[in-house]
Each structure stands twice: as C-alpha cells, then as structure tokens.
Amino acid sequence: MLVLEVLIAEPRPITARQIHAELLNQGEPIGLTTVYRAVSSLVDAGLVHAFTQAGEATYRVCGTARHHHLICRSCGLVLEQTAEPRTDGFEVEAVYGVCAPCAQRALPEQQRDQPHRPQKRP
Ligand SMILES: [Zn+2]
Ligand SMILES: [Zn+2]
C-alpha cells in the first residue's frame, strides 16, 4: 500500500508520475505501470478520487462521506464539501474557484487581512 501512503501524505491531487517519482525518491524500486495499476484499483475501491488538471489525471485520497469537491484553479487545492448544495436537481461533482490563501495573495497589499464589514443601510 505504498502508493496509498504517498497519496495520504499529499493534500493536493497528484499524477501517477509524481507518485512514481516520490516512491523512487524513497528508494522503492517500483515501476510506473505498477503505480498506474495500484492507483486505478484504489479509485475502483473508492478510496481515491480522480481529477483532471491541465489535461492530466491526478489523484487524491478522499473521505468516505458523500461529497463534492471545491477545487482551487490557482493552486489545485481540493476541499471536500459534504453539505448538499442547492442545485435544482443537478448532481454537483466539483465547484471551481479560488481558495482563501490564493484570494488573499491576489489582493493588493493594503486590502489584505481586513475583516469584511457589512455595509450599513441608512
Ligand atoms: Zn473526493
Ligand atoms: Zn489556492
């Protein structure tokens, strides 16, 4: 279950090639084909969810509760969202956006870390 261990250690989805490189780093003499096979059986078992980033399949260990994904377009962070969204019958699989740290980074200096104050009505 070495492939699973690499995936658990990584909060963002990674490709089979990245898993392979990490295992070689750790001194595991494993073939890329073996990694692909291990990953697809983990996906079949429902332990790992598959994503697509820049046209490449990526993988992430997910919880077993029914959920959809919030995916940051900027850094690739994936959050699991278990709350049912209001979707008029649409089966939501993923919501794309920008995570809080990335949104902060995108702001000009003086606008950072200021609490949002609701506007008072006259
Ligand atoms: Zn998931
Ligand atoms: Zn982000």
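Since every read-out is calculated from the coordinates, none of them should be taken as a lab result. Note that this is a predicted model, so its numbers are computed, not measured. Every residue, glycine among them, receives a Cβ derived from its backbone with ideal geometry; neighbour counts consider all protein chains shown.
Residue under question is residue 43, and the condition is that it be closer than 26 Å to residue 2 by Cα and either within 11 Å of the chain's Cα centre (by Cα) or not in a loop (DSSP other than H, G, I, E, B) (or both); does it hold?
Yes; evaluated as a whole, the condition is true for this residue.
Just checking, how many residues over segment 72-91 are more than 9 Å from ligand 2 (Cβ to nearest atom) and over 14 Å from residue 49 (Cβ atoms)?
Within segment 72-91, residues that are more than 9 Å from ligand 2 (Cβ to nearest atom) and over 14 Å from residue 49 (Cβ atoms) number 9.
Considering only residues that are hydrophobic (A, V, I, L, M, F, W, C) and in a strand (DSSP E or B), look in segment 51-73 and name the one that is nearest to residue 7 (Cα to Cα).
Residue satisfying both the conditions and the ranking: 61.
Could you tell me which numbered condition residue 39 fails, if it satisfies all but one of (1) of a type in the set (A, V, I, L, M); (2) within 15 Å of ligand 2 (Cβ to nearest atom); (3) surrounded by 17 or more Cβ atoms within 10 Å (Cβ to Cβ)?
(2)
State whether one or more residues within segment 82-89 are over 18 Å from residue 15 (Cα atoms) and surrounded by 12 or more Cβ atoms within 10 Å (Cβ to Cβ).
no
Against the condition touching a His at 6+ places or on another chain (Cβ under 8 Å) and within 15 Å of ligand 2 (Cβ to nearest atom), how does residue 69 come out, does it pass?
When the stated conditions are applied, residue 69 passes them.
Considering segment 73-113 alone, what residues qualify as being closer than 17 Å to residue 62 by Cα and either in contact with a Pro (Cβ under 8 Å, 6 or more places away or on another chain) or more than 16 Å from ligand 1 (Cβ to nearest atom) (or both)?
Scanning segment 73-113 gives 76, 77, 78, 92, 95.
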